[in-house]
1. Within region A:18-26, can one find any residue that is touching an Asp or Glu at 6+ places or on another chain (Cβ under 8 Å) and at positive phi?
2. Is it true that some residue in region A:214-226 is at the interface with chain B (Cβ under 10 Å from one of its Cβ atoms), modelled with pLDDT under 95, touching a helix residue (DSSP H, G or I) at 6+ places or on another chain (Cβ under 6 Å) and buried (at least 23 other Cβ atoms within 10 Å of the Cβ)?
3. What are the residue pairs meeting all of these: first residue in region B:263-288, first residue more than 9 Å from every other protein chain (Cβ to nearest Cβ) and within 27 Å of B:Val232 (Cβ to Cβ), second residue of a type in the set (Asp, Glu) and open to solvent by 10 Å² or more (accessible area, probe 1.4 Å), Cβ atoms under 7 Å, and 6 or more apart or on different chains?
4. Considering only residues that are open to solvent by 20 Å² or more (accessible area, probe 1.4 Å), closer than 21 Å to A:Arg288 by Cβ and in a loop (DSSP other than H, G, I, E, B), which ones fall in region A:256-276?
5. Name the residue that is farthest from B:Lys237 (Cα to Cα), counting only residues in region A:293-309 that are at pLDDT 95 or above and open to solvent by 80 Å² or more (accessible area, probe 1.4 Å).
6. If you take the residues of region B:55-100 that are in contact with a Lys or Arg (Cβ under 9 Å, 6 or more places away or on another chain) and among the basic types (Lys, Arg), which of them is most open to solvent (accessible area, probe 1.4 Å)?
7. For region B:15-35: of the residues being open to solvent by less than 10 Å² (accessible area, probe 1.4 Å) and within 14 Å of chain A (Cβ to nearest Cβ), which is nearest to B:Asp68 (Cα to Cα)?
8. Please find, among A:Ala247, A:Ala290, the residue that is surrounded by fewer than 21 Cβ atoms within 10 Å (Cβ to Cβ) and in contact with a Gly (Cβ under 7 Å, 6 or more places away or on another chain).
Number of protein chains: 2
Amino acid sequence: MVAYRAFFGHVDGCLPGAHFESRQAVKEAKLHKEREAGISWGLDAEGERAADAIVLNQGYDDDLDKWDEVIYTGAGGRDRNTGRQVEDQTWGNRGNAALRRSRISGNPIRVIRGSEGERDYSPVSGYRYDGLYQVVGEWTEAGRAGFQICRFRLRRLPVGRQGNTSLEQQVRDLITGQGHSDVVESDADEPERTTRRQAITVERIVRDTAVVRRVKEWHRYACQVCGLALTVGADGKSYAEGAHIQALGGSDGGPDIEANVLCLCPNCHVRLDRGALYLTDNLHVVDRYASGPASRPVPLRTVVQHRIGERFLQAHRRFWRISD
Amino acid sequence: MVAYRAFFGHVDGCLPGAHFESRQAVKEAKLHKEREAGISWGLDAEGERAADAIVLNQGYDDDLDKWDEVIYTGAGGRDRNTGRQVEDQTWGNRGNAALRRSRISGNPIRVIRGSEGERDYSPVSGYRYDGLYQVVGEWTEAGRAGFQICRFRLRRLPVGRQGNTSLEQQVRDLITGQGHSDVVESDADEPERTTRRQAITVERIVRDTAVVRRVKEWHRYACQVCGLALTVGADGKSYAEGAHIQALGGSDGGPDIEANVLCLCPNCHVRLDRGALYLTDNLHVVDRYASGPASRPVPLRTVVQHRIGERFLQAHRRFWRISD
């Protein structure tokens, strides 16, 4: 029999948030070695027993889950049939010793939550992989049943970073996985850094440039397609987005100038960006997926200062293969 | 009199897209040294004349503006009164020599467009700062008026990067200003890199995680607040966003789990994120800025699999100082 090698960090192809129907499925995904026990451990590079994953599923009354901090109760001393604590837990238990070893080595621990755990943080059914945590301390204390228990404090490796940072900083951190290198002291190949890249897909970015701000002010934050001015604050403060007709970026992206920007509500912005709306050269808006009266082109709402560049309308239609 | 020192790159506090009423205002912003001439130049670190900015305002018939590439006609040989070409241009002209010097040195050139320029790329009135370009070549040729003219090809330093990159790559580039370091060969303190950070404010980022995708599927992409399923493609393909009730990130950010995510249309997402909408513990949605019948709380649309965590509703209300 070959000894299990502990494997630290994320597992290929398995993002935090991944859902599993059963412990067997968790095991098959190679997130956790065991089918029943809470602690997954194996030999590390130095041949010592080290933990690489735990399952939080309210196995012990004394567990405490605050999402980014978890107090986890070790293994051993429970009656096999009732699951109740009937003896002291000890550091001689291999799982407990392995978790301690990972605290000393700074190994990240994969945390999987089951549906029996803390209500607000647990999946409704089955199991969910919740990313990497770090063991930051362990001790023994008297448990509720009166026996000594081994306890571990784990902290979630931060997805953002610490403190009060700007949105731009947060984005950079989200995208690059920077910003917590001061926290992660593991030398396990900076796993959380890798993750961040894999785990977070950016669906949509709304930029706010000087040009965009000017266009939004011209239109007083009302959507040029549907007329809506989205109220987001007291005293009627409105929200609108600057939508680039010919998208920015890429090898033949459009320019960030007024003639290429519309003031739109977020819904119409998404629809323009996905080609569900387009504009004719005479500045009528066509809804490609409307039927009946709603499918008639409607004039774009304009103001005299705001000149739209025909070539950007054409580039947008060309991109979406619309012949008009 | 102290000689003007050429200054390469962006000017503090002046983002691309900045608008000016007059050449005088452009000069006062220190974007361009001259009040009339097209080329701004001064002495560089080695005491040579080098250009640092140009104004594109259809000064010459032969100018050609394709936004990211510009053919610019040099200085000299024009009649002071009529502005028409009456003599050959030469490299002896200081402005022309200075632009050539900047091509050799790789200095970035600030480009300012006036309202008389190429229609689609020029401001409706006044002047607009359009960021940094690089002189990539110069030559002489016979102009339309029959005299020799000095010509320069300028290319805009890329805002994105080259080729077909992923959205995530584009974001990273947008935020960090990476991706064009292979283009900028200037040693002028990597000015374009600095800019990007200043120039682009990210107003809004929509993340798409495994958890978000699951929640959206549960609700079949219909908004849990207003019921809208935004049609974005043929065969009724819909678009929705995962909205974190207690925002992600920051020192006490919420978790990325189903109990903290709603499936919303972009408009309702913005309003939730800005505190214009909130939820009561019994899962009713309140519009804080509605009046009349619209101000009555409406039940959140739910599905049985989707359990919402009360603590996240409470954290959201606490953040927006809503006592309910």
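The values are calculated or read from the model by the stated rules, or taken from the named source; none is laboratory data. What you are looking at is a predicted structure, and each value in this text was computed from that prediction instead of being measured. We place every Cβ from the backbone using ideal geometry, glycine too, and count neighbours over all the protein chains shown. We work out accessible area using only protein heavy atoms, side chains counted, and drop any ligands, DNA or RNA first. Shrake-Rupley method; radii C 1.70, N 1.55, O 1.52, S 1.80 Å.
1. Checking region A:18-26: not a single residue is touching an Asp or Glu at 6+ places or on another chain (Cβ under 8 Å) and at positive phi.
2. No; the residues of region A:214-226 include none that is at the interface with chain B (Cβ under 10 Å from one of its Cβ atoms), modelled with pLDDT under 95, touching a helix residue (DSSP H, G or I) at 6+ places or on another chain (Cβ under 6 Å) and buried (at least 23 other Cβ atoms within 10 Å of the Cβ).
3. As it stands, the answer is B:Leu277/B:Asp287, since those pairs meet every condition given.
4. A:Arg274 - this is the single residue of region A:256-276 that is open to solvent by 20 Å² or more (accessible area, probe 1.4 Å), closer than 21 Å to A:Arg288 by Cβ and in a loop (DSSP other than H, G, I, E, B).
5. This residue is A:Arg301.
6. B:Arg84
7. If we take residues in region B:15-35 being open to solvent by less than 10 Å² (accessible area, probe 1.4 Å) and within 14 Å of chain A (Cβ to nearest Cβ), then B:Gly17 is nearest to B:Asp68 (Cα to Cα).
8. A:Ala247
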